[in-house]
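Working notes for the structure below.
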Amino acid sequence: MWSIRVVDAVLPEVKGIGLPWDDDGSAPDPFVRLLIDGRVVWESPVQVNTRRPQWNLTLPRNIYISSQQTFRLELWDDDTASKDPAGSITRAGLPENARPGAFAHLTLDNLATVTVVVSPPRPSRGLGVEYEQRADALRILAVERFSPAARAGLQVDERVVAIGGKRVGLLSAASAASELSLSADRGATLTVVDTNGKERDVPLDRDYLWLTM
């Protein structure tokens with residue numbers, strides 16, 4: 001798991017086939033896409049009319065990638081009528097030169113380069129669930145992969161009916177939301193009803209929530 005900052009890029013003077021980037025001879029309008037196992041996880045803003053775009057943006061969430069997964073970085077030119085590929089790099093796991101804390105200059109297949117910085121992942125606090133409020137429960141809609149909720153075995157469609165011994169049905173909507181958001185920090189125990197109607201107590205750890213894309 002890593003935090004990734006996309007710093008900048010340098011594009012060749014012409015496309016790989018020797019043609020100008022745009023029909024009017026102007027520079028490209030580049031942006032970057034990051035894909036893991038073929039899934040687009042992030043796309044940068046477009047930088048207009050430049051071969052040396054600068055983003056200096058840290059991805060909003062950490063990236064989880066094993067040595068068996070495919071890391072692919074694509075550079076694109078955002079033309080008025082279409083989006084044209086402007087180079088890419090594909091590797092199993094992170095590129096070899098993407099070492100923690102160092103500026104890694106990734107050379108793409110058209111000799112463009114994209115500079116990234118890989119850092120240790122950024123922790124967050126919280127339970128790690130999305131939910132909807134009901135009169136007597138909080139129904140779980142999604143569970144973050146690396147979270148106190150996931151480690152406790154909470155599942156989608158289960159219902160939280162009590163938080164630290166406080167029944168949700170006796171709390172205001174605002175109080176229930178506040179109690180749930182603080183439950184992991186407190187190491188509270190949730191009372192949960194599964195999809196078969198069986199109730200159980202679920203203790204939470206107080207470790208970090210790791211948000212990933």
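Mind listing just one residue for me: the one in region 185-203 that is in contact (Cβ under 8 Å) with a residue 40 or more places away in the chain and more than 14 Å from Leu138 (Cα to Cα) and, of those, surrounded by the fewest Cβ atoms within 10 Å (Cβ to Cβ)?
Pro203
Is there a residue in region 196-209 that is within 26 Å of the chain's Cα centre (by Cα) and outside any loop (DSSP other than H, G, I, E, B)?
yes
For region 63-74, check the following and say yes or no: at least one residue is among the acidic types (Asp, Glu) and not in a loop (DSSP other than H, G, I, E, B).
yes
Within region 14-35, identify whether any single residue is of a type in the set (Phe, Trp, Tyr), in contact with a Ser or Thr (Cβ under 8 Å, 6 or more places away or on another chain) and modelled with pLDDT of 95 or more, and answer yes or no.
Within region 14-35, one or more residues are of a type in the set (Phe, Trp, Tyr), in contact with a Ser or Thr (Cβ under 8 Å, 6 or more places away or on another chain) and modelled with pLDDT of 95 or more.
State yes or no: is Gly126 modelled with pLDDT of 95 or more and either among the small types (Gly, Ala, Ser) or over 21 Å from Met1 (Cβ atoms) (or both)?
The answer is yes for Gly126.
Which ones in region 172-184 are of a type in the set (A, V, I, L, M) and buried (at least 17 other Cβ atoms within 10 Å of the Cβ)?
Ala176, Leu180, Ala184
Name the residue that is farthest from Ala102 (Cα to Cα), counting only residues in region 119-130 that are surrounded by 21 or more Cβ atoms within 10 Å (Cβ to Cβ) and not β-branched (Val, Ile, Thr).
For region 119-130, the residue satisfying everything is Leu127.
So, restricting to strands (runs of 3 or more DSSP E) that lie completely within region 110-195, which ones have at least 3 residues that are of a type outside the set (A, V, I, L, M) and under 30 Å from Glu74 (Cα atoms)?
By residue number, 113-119.
Among the residues in region 77-85, are any at pLDDT 95 or above and polar (S, T, N, Q)?
no
Does Thr70 count as within 19 Å of Val118 (Cβ to Cβ), in contact (Cβ under 8 Å) with a residue 12 or more places away in the chain and outside the structural domain of Phe146 (by TED's automatic domain parsing)?
yes
Out of region 140-165, which residues are exposed (fewer than 15 other Cβ atoms within 10 Å of the Cβ) and either free of Cβ contacts under 8 Å to residues at least 40 places away in the same chain or not assigned by TED's automatic domain parsing to the domain that holds Val192 (or both)?
Those that are exposed (fewer than 15 other Cβ atoms within 10 Å of the Cβ) and either free of Cβ contacts under 8 Å to residues at least 40 places away in the same chain or not assigned by TED's automatic domain parsing to the domain that holds Val192 (or both): Leu141, Ala142, Val156, Asp157, Gly165.
For region 90-97, state whether one or more residues are touching a Pro at 6+ places or on another chain (Cβ under 9 Å), in a loop (DSSP other than H, G, I, E, B) and not polar (S, T, N, Q).
Scanning region 90-97, I find no residue that is touching a Pro at 6+ places or on another chain (Cβ under 9 Å), in a loop (DSSP other than H, G, I, E, B) and not polar (S, T, N, Q), so the answer is no.
How about region 2-45: which of its residues are without any contact (Cβ under 8 Å) to a residue 60 or more places away in the chain, of a type in the set (A, V, I, L, M), buried (at least 17 other Cβ atoms within 10 Å of the Cβ) and under 15 Å from Pro85 (Cβ atoms)?
Scanning region 2-45 gives Leu34, Leu35.
Could you say whether any residue in region 193-211 is on the phi > 0 side of the Ramachandran plot and not assigned by TED's automatic domain parsing to the domain that holds Trp76?
Yes.
Looking at region 98-119, which of its residues are closer than 21 Å to Asp37 by Cα and more than 22 Å from the chain's Cα centre (by Cα)?
Thr107, Leu108, Asp109
The values are calculated or read from the model by the stated rules, or taken from the named source; none is laboratory data. Keep in mind that what you see is a predicted model, and the values were worked out from it rather than measured. Positions of Cβ are generated from backbone atoms using ideal geometry, with glycine treated the same way; all protein chains shown enter the neighbour counts.
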